[in-house]
Amino acid sequence: FFFQAEDGIRDAQESRGLGDVYKRQTQSTWDHIEMQAAHQVSISELVYLIGQLSFRAGRIIREVQSSNKLDVKEKGVNDPYTVADLKIQTIFVKTLKKHIPELRIVGEEDEEYEGDDVGTIVDSIKPFSESKFIAFPGKEEVQLPLDEILLWLDPLDGTLDFLKGDLDVVTTLVAISRNKQPSFGLVTRHFSKSAAGEYAFQQRMVYGGLPHTELYYLCLLYTSDAADDLLCVDLGGRRIIKKKK
């Protein structure tokens, strides 16, 4: 579930998301990574940082979609990317490297976004040291050795659907492999779709993985669905979190 992207789902086309990125790059990526990390990172810190970045990604997607300045380019046949893809990935990489310098990252895109606002956004992400966030309440914290893990990022999965205006299947995908095996995943949906076919900007993340197999949900308290089910967290202030039963 966590490691298969949804590009082309509506047209029955072969996926080009994180699942295929992992299969395509695993051997060559690991063969060429020379950095040997000596430290650990907790799942809570990863979820805390990735949560902020994923919700920021949704705002970038909405801004680009509203501006109609998508700057579409092609990586291959029916394999487009937009300025939103590049901007989100650049901000993810720069922020995670700022807070966890030894974290190794493989992104879907090969280019870097060079906009003037990148630094401001990176600096706006709150450090884990200032939080009390716990990814798995009531359970033992999971520590991951940085020399054993690799983070895989698809900044905007469902680009073909995004270009067609089918926003409810647009997601941001993050997967963590440990010793070359899938270990943990985080999927953030940015838009919902009503029965009448209207889209609303309502973000929600689902995450989970080994060793705790329950699925947990995060959403921002200012989204309308937060008041309905309280499966939510404000990553900058008050925190409400529940696992899905």
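Over the stretch 104-198, what is the relative contact order in percent, taking alpha-carbon pairs closer than 8 angstrom and at least six residues apart?
Numbers: 104 pairs, mean separation 23.3, N = 95.
The value is 24 percent.
Packing, taken as the mean count of other beta carbons within 10 Å per residue, orders the peptides 165-172, 132-139 from highest to lowest as 165-172, 132-139. For S67 and K98, the difference between the fully extended length at 0.36 nm per residue and the C-alpha to C-alpha distance is 8.2 nm. Provide the FRET efficiency to the nearest 0.05 for the A195-E74 pair, computing r from the beta carbons and using R0 = 41 Å. Plugging the Cβ-Cβ distance into 1/(1 + (r/R0)^6) gives 0.75.
Please give the peptides 79-86, 150-157 ranked by average Cβ packing (other Cβ atoms within 10 Å per residue), highest first, as a rough proxy for protection. Before the final figure, lay out the partial values.
Details: 79-86: 21.2, 150-157: 25.9.
In descending order of packing, they fall as 150-157, 79-86.
The simple spin-label model puts a point 7 Å past each Cα toward its Cβ; for Q143 and T120 those points are separated by 3.9 nm.
Pairs from the list K126/K164; K73/K98; K98/K132; K75/K164; K97/K193; K69/K94 with a Cα-Cα gap above 26 Å: K126/K164; K73/K98; K97/K193. In plain terms, the chain from R178 to Q40 could stretch by 48.4 nm, reckoned as 0.36 nm per residue minus the Cα-Cα distance.
No lab work stands behind these numbers, since they all come straight from the coordinates. Please read these numbers as outputs of a predicted model, since none were measured by experiment. Here Cβ is always computed from backbone atoms with ideal geometry, including for glycine, and neighbour counts include all displayed protein chains.
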